[in-house]
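Undergrad: Sharing a structure below in structure tokens format, with a few things to ask.
The values are calculated or read from the model by the stated rules, or taken from the named source; none is laboratory data. These figures come from a predicted structure and were not determined experimentally. Note that each Cβ is placed from the backbone with ideal geometry, even for glycine, and that neighbours are counted across all protein chains shown. Surface areas here come from the heavy atoms of the whole protein model, side chains and all, with no ligands, DNA or RNA. Shrake-Rupley method; radii C 1.70, N 1.55, O 1.52, S 1.80 Å.
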Amino acid sequence: MQYHVVCFCGLLSIVIGIAACGSGEVPLPANPDDQPSGPTVSGGIASADDPGSSNSQSNPPPGAPPTPLPPPSVVSNPQPSDGAQRVSVATPIGWQRGTFTESFDVYVGASLEAVDAANRSSPEFRGNVATAAYTPGPFAYRQSYYWRADAVGPGGVAHGIVYSFRTQPVPLVTPVISTEYEFTDSGLGQTIGNAPNPECTPIVRIGDGLFAVYRTVSPQAIFVRRFDLKNNTMGPAVQVDNLTDPSFNGYHSEPSLFRDLQGRLHVFNQYAGYINGCIGQHGTAPRYRQVPDLSNSSTWSSPACLPSRVMNQLGSQYYDVMGVYDDRAGVQHTVGQAYGFAGLDGTQNYGFPRTYFRILSGGIVDGPYTIVECVSEIYAKGDIALGREPTGQRSLHVLWNIRRYFTDTSGTHQWNYDLYYARSNDGGNTWTPADGSVSVPLTQHIMYNDTRFRAYAGEVQQDSERAFGIDSQSRPFIVALKLRDGTGASYGGHIDVLKTPAPQYDLCWVKWTGTQWANGVINNSIDWAEQRPKVRIDEDDKIFIFLNDQPAYLVSSTGGASWSGLTNFGTRYSNSRMYSYTDPIDPVYHYIAFGDRIDKHMYLIKLQLTNPYP
């Protein structure tokens, strides 16, 4: 072994390797490739003034052996996560830097064994980088890759763990779009009137069936119908309730349909007669029943008030209900508008809070809970979405904006402003903002204007269900209608949407980047005031927005940086009121349901957004 005398600030030290006198630089180990398999470290020898050595080290006495340098630590926290599926072919790889590290040797290949055994002479070696990230260029589609990053420092080389991921299939250029299937039974003369129907979670998948609930004009009743996803055929329309509000000119009276782990249907019928009919009970409107077997009415429960954990004293109601089903936990989560739950968890519960019920795995209804607390005249308008974690319990995401509706001496007014967001990683028991800075237990309530949860500040219209989606990293992407500068009439510091001239709106996006909220414009060439956009982020992280009277979509493959033009995918007219539903079992598919404003029938469109995987 060759020794070299190197000058460091006037001192003499004996080191291994070759370095320039006065440079203070310590080279890589003479043979960094001879590393054992797995996360192991080869060491180096420290000089007294080496910047990587501990401050507590002192110069060794004359004749003493050199002090070893601390070895670098093995890299951790791989991105994409180890074993990740359907990874973009353009994705970079990254990791968390440890201590005593100056650079990284990166290895990438198609064989675990080859990557683990590779050294700088191997074809898997991609170079040495200073940052904890590497972009190897486009990967091949539908291919498994293995990689490791060795930490290199003055104290040696830490052989990294071998991680893996598999890339996405070849993307579809455009979605595959089905014909328009009719949910209503026109053979029976069924129509759905002009009330908003469908809108609030009218669809749920169980097994190979897609079930839809709808309300008819004649008879004035609630029906459920099953669409067979294997052969694309409709089953018989089954009447599940004969008491319901009229289908014309009704409001906040749309029925909803949910499920439990056992595959039972749970029907929420917004029947006005139940608002006062549940007073003095542990129950609330809507009218509620369980349907274990749609084809056998003897299995159905009798219609009753929706079970409530608190006594109904004021004539409460839970309406405009949206839901998501966590197939891994077996829990149906729902959020909606509510009133009349005075004193819930020791609060006054004025206004119209964002309220939460869940249907547990045994079919037991648990609620109400208040996620977002309001005050008089304030509505927390919003929705719920399900996270896309690859394993384990899925995260829950709730969005709301502030609507103040009030009357004073000058008349009636309405303000719509600000967007807020909360996330739960434990099945709804605690809620945090996007940055995780605080945690609010379910029974403590988030105030409607808590700035810690604010995603966007400004005049914004966001009263469309399903107007936000969750990407593959479980981050929210929101589509909202932002007030166009210089339009509308101001009153009391906000734009009054009930005054003239009417405000105009741009179509915009707001998203969480992982560290901060960002926003941008999708389209400002027309007034989007009458639109109710729906958002779906597909399995390849393409962002679809469904909207328009004649159903159409916009799509972005760049995270919102650029967008396609409008592409029609329906032939009928929805009055911009559509229900958007991700297939929970086969998420390459997406469904849009809507009522035709002309013939008053309810239709379904099935879209294949991506290729199957793996």
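Undergrad: In segment 195-202, is there at least one residue being open to solvent by 50 Å² or more (accessible area, probe 1.4 Å) and of a type in the set (D, E, K, R)?
TA: The answer is no; no qualifying residue exists.
Undergrad: For Thr391, work out the one condition from (1) more than 30 Å from Pro503 (Cα to Cα); (2) among the β-branched types (Val, Ile, Thr); (3) assigned to a strand (DSSP E or B) it doesn't fulfil.
TA: Among (1) more than 30 Å from Pro503 (Cα to Cα); (2) among the β-branched types (Val, Ile, Thr); (3) assigned to a strand (DSSP E or B), the lone unmet condition for Thr391 is (3).
Undergrad: Is at least one residue of segment 404-421 among the small types (Gly, Ala, Ser), part of a strand (DSSP E or B) and either touching a residue at least 40 places away in the same chain (Cβ under 8 Å) or out of contact with any Asp or Glu (no Cβ under 6 Å at 6 or more places or on another chain) (or both)? Step through it out loud before you land on a result.
TA: Taking segment 404-421 first, the residues among the small types (Gly, Ala, Ser) are 410-411.
Add one more test, that the residue is part of a strand (DSSP E or B), and what stays is 411.
Pick out the ones that are also either touching a residue at least 40 places away in the same chain (Cβ under 8 Å) or out of contact with any Asp or Glu (no Cβ under 6 Å at 6 or more places or on another chain) (or both) and you get 411.
The answer is yes, given that some residue of segment 404-421 is among the small types (Gly, Ala, Ser), part of a strand (DSSP E or B) and either touching a residue at least 40 places away in the same chain (Cβ under 8 Å) or out of contact with any Asp or Glu (no Cβ under 6 Å at 6 or more places or on another chain) (or both).
Listed here are the residues, each with its yes/no results for (1) open to solvent by 30 Å² or more (accessible area, probe 1.4 Å); (2) in a loop (DSSP other than H, G, I, E, B); (3) over 14 Å from Arg148 (Cβ atoms); (4) in contact (Cβ under 8 Å) with a residue 60 or more places away in the chain.
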| residue | (1), (2), (3), (4) |
| --- | --- |
| Val74 | yes, yes, no, yes |
| Pro78 | no, no, no, yes |
| Ser81 | yes, yes, yes, yes |
| Gln85 | yes, no, yes, yes |
| Val106 | no, no, no, no |
| Val115 | no, no, no, no |
| Asn119 | yes, yes, no, yes |
| Gly127 | no, no, no, no |
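For every residue, the table says whether it meets (1) modelled with pLDDT of 95 or more; (2) in contact with a His (Cβ under 9 Å, 6 or more places away or on another chain).
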residue	(1), (2)
Leu386	yes, yes
Leu396	yes, yes
Asp408	yes, no
Arg454	yes, no
Ser464	no, no
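Undergrad: Still on this model: What tally of residues in segment 309-336 results from selecting those that are open to solvent by less than 10 Å² (accessible area, probe 1.4 Å), touching a Gly at 6+ places or on another chain (Cβ under 7 Å) and not in a strand (DSSP E or B)?
TA: Final tally of qualifying residues: 3.
Undergrad: For residues that are open to solvent by 30 Å² or more (accessible area, probe 1.4 Å), small (Gly, Ala, Ser) and assigned to a loop (DSSP other than H, G, I, E, B), tally how many sit in segment 158-193.
TA: Residues flagged as open to solvent by 30 Å² or more (accessible area, probe 1.4 Å), small (Gly, Ala, Ser) and assigned to a loop (DSSP other than H, G, I, E, B) within segment 158-193 amount to 1.
Undergrad: For segment 478-520, how many residues are of a type in the set (Gly, Ala, Ser) and assigned to a loop (DSSP other than H, G, I, E, B)?
TA: From segment 478-520, those of a type in the set (Gly, Ala, Ser) are 480, 486, 488-490, 492-493, 502, 514, 518, 520; that's our starting set.
Okay, now just the ones that are also assigned to a loop (DSSP other than H, G, I, E, B), so 486, 488, 492-493, 502, 514.
Number satisfying all stated conditions: 6.
Undergrad: Of the numbered conditions (1) within 18 Å of Gly323 (Cβ to Cβ); (2) surrounded by fewer than 18 Cβ atoms within 10 Å (Cβ to Cβ); (3) at pLDDT 95 or above, Pro476 fails exactly one; give the number of that condition.
TA: With (1) within 18 Å of Gly323 (Cβ to Cβ); (2) surrounded by fewer than 18 Cβ atoms within 10 Å (Cβ to Cβ); (3) at pLDDT 95 or above applied to Pro476, the lone miss is (2).
Undergrad: Report every pair of residues separated by at least 6 positions or lying on different chains whose Cβ atoms are under 6 Å apart, first residue within segment 431-450 and on the phi < 0 side of the Ramachandran plot, second assigned to a loop (DSSP other than H, G, I, E, B).
TA: The qualifying pairs are Thr432/Ser439; Leu442/Asn429.
A quick yes/no check of all residues on (1) under 28 Å from Phe594 (Cβ atoms); (2) in contact with a Ser or Thr (Cβ under 6 Å, 6 or more places away or on another chain):
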position: Trp431; (1), (2): no, yes
position: Ser439; (1), (2): no, yes
position: His445; (1), (2): no, yes
position: Thr451; (1), (2): no, no
position: Glu465; (1), (2): yes, no
position: Lys482; (1), (2): yes, no
position: Tyr491; (1), (2): no, no
position: Asp496; (1), (2): no, no
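Undergrad: Would you tally the residues in segment 479-516 being open to solvent by 60 Å² or more (accessible area, probe 1.4 Å), among the polar types (S, T, N, Q) and either under 30 Å from the mean Cα position of the chain (by Cα) or closer than 12 Å to Asp527 by Cβ (or both)? Spell out how you get there, then give the answer.
TA: Residues of segment 479-516 that are open to solvent by 60 Å² or more (accessible area, probe 1.4 Å), as a first pass: 485-486, 490-493, 498-502, 504, 515-516.
Subset that is among the polar types (S, T, N, Q): 490, 500, 504, 515-516.
Cutting the leftovers down to either under 30 Å from the mean Cα position of the chain (by Cα) or closer than 12 Å to Asp527 by Cβ (or both) gives us 504, 515-516.
Count: 3.
Undergrad: Mind listing just one residue for me: the one in segment 560-579 that is buried (at least 17 other Cβ atoms within 10 Å of the Cβ) and at pLDDT below 95 and, of those, farthest from the chain's Cα centre (by Cα)? Explain how you work it out, then say what you get.
TA: If we filter segment 560-579 for residues that are buried (at least 17 other Cβ atoms within 10 Å of the Cβ), which is where we start, we get 560, 563, 569-570, 572, 574, 576-579.
With at pLDDT below 95 added as a condition, the list becomes 574, 576-579.
On the way: Ser574: 26, Ser576: 23, Arg577: 22, Met578: 20, Tyr579: 17 Å.
The extreme case among them is Ser574.
Undergrad: Can you name every residue in segment 525-544 that is among the polar types (S, T, N, Q) and surrounded by 15 or more Cβ atoms within 10 Å (Cβ to Cβ)? Even if it seems obvious, please write down each step before you answer.
TA: Taking segment 525-544 first, the residues among the polar types (S, T, N, Q) are 525, 531.
Within segment 525-544, Gln531 is the sole residue that qualifies.
Undergrad: What is the one condition in (1) touching a Pro at 6+ places or on another chain (Cβ under 8 Å); (2) surrounded by 17 or more Cβ atoms within 10 Å (Cβ to Cβ) that Gly428 does not satisfy?
TA: Every condition holds for Gly428 apart from (1).
Undergrad: Within segment 589-610, can you find the residues that are open to solvent by 10 Å² or more (accessible area, probe 1.4 Å), farther than 16 Å from Thr179 by Cβ and in contact with a strand residue (DSSP E or B) (Cβ under 9 Å, 6 or more places away or on another chain)?
TA: The one that is open to solvent by 10 Å² or more (accessible area, probe 1.4 Å), farther than 16 Å from Thr179 by Cβ and in contact with a strand residue (DSSP E or B) (Cβ under 9 Å, 6 or more places away or on another chain): Gly595.
Undergrad: If I ask for residues that are within 19 Å of the chain's Cα centre (by Cα) and surrounded by fewer than 16 Cβ atoms within 10 Å (Cβ to Cβ), which ones from segment 356-372 would you list?
TA: Across segment 356-372, there are no qualifying residues.
Undergrad: Could you tell me whether any residue of segment 237-245 is among the β-branched types (Val, Ile, Thr), over 28 Å from the mean Cα position of the chain (by Cα) and surrounded by fewer than 19 Cβ atoms within 10 Å (Cβ to Cβ)? Walk me through it before giving the result.
TA: Quick first cut of segment 237-245, residues among the β-branched types (Val, Ile, Thr) only: 238, 240, 244.
Add one more test, that the residue is over 28 Å from the mean Cα position of the chain (by Cα), and what stays is 238, 240, 244.
With surrounded by fewer than 19 Cβ atoms within 10 Å (Cβ to Cβ) added as a condition, the list becomes 238.
Yes: one or more hits.
Undergrad: With respect to Pro353, determine if the residue is out of contact with any Pro (no Cβ under 8 Å at 6 or more places or on another chain), over 24 Å from Arg205 (Cβ atoms) and buried (at least 20 other Cβ atoms within 10 Å of the Cβ).
TA: Working: out of contact with any Pro (no Cβ under 8 Å at 6 or more places or on another chain): yes; over 24 Å from Arg205 (Cβ atoms): yes; buried (at least 20 other Cβ atoms within 10 Å of the Cβ): yes.
When the stated conditions are applied, Pro353 passes them.
Undergrad: Have a look at Leu419, Leu396, Leu442 and point out the one that is more than 18 Å from the chain's Cα centre (by Cα), within 26 Å of Gln348 (Cβ to Cβ) and open to solvent by less than 20 Å² (accessible area, probe 1.4 Å).
TA: On the way: Leu419 fails: more than 18 Å from the chain's Cα centre (by Cα); Leu396 fails: more than 18 Å from the chain's Cα centre (by Cα).
Only one candidate qualifies: Leu442.
Undergrad: Condition test on Asp366, is it of a type in the set (Asp, Glu) and outside any strand (DSSP E or B)? Working first, answer last.
TA: Details: of a type in the set (Asp, Glu): yes; outside any strand (DSSP E or B): no.
So Asp366 fails the test.
Undergrad: Looking at Ser302, is it of a type in the set (Gly, Ala, Ser) and closer than 22 Å to Leu442 by Cβ?
TA: Working: of a type in the set (Gly, Ala, Ser): yes; closer than 22 Å to Leu442 by Cβ: no.
The answer is no for Ser302.
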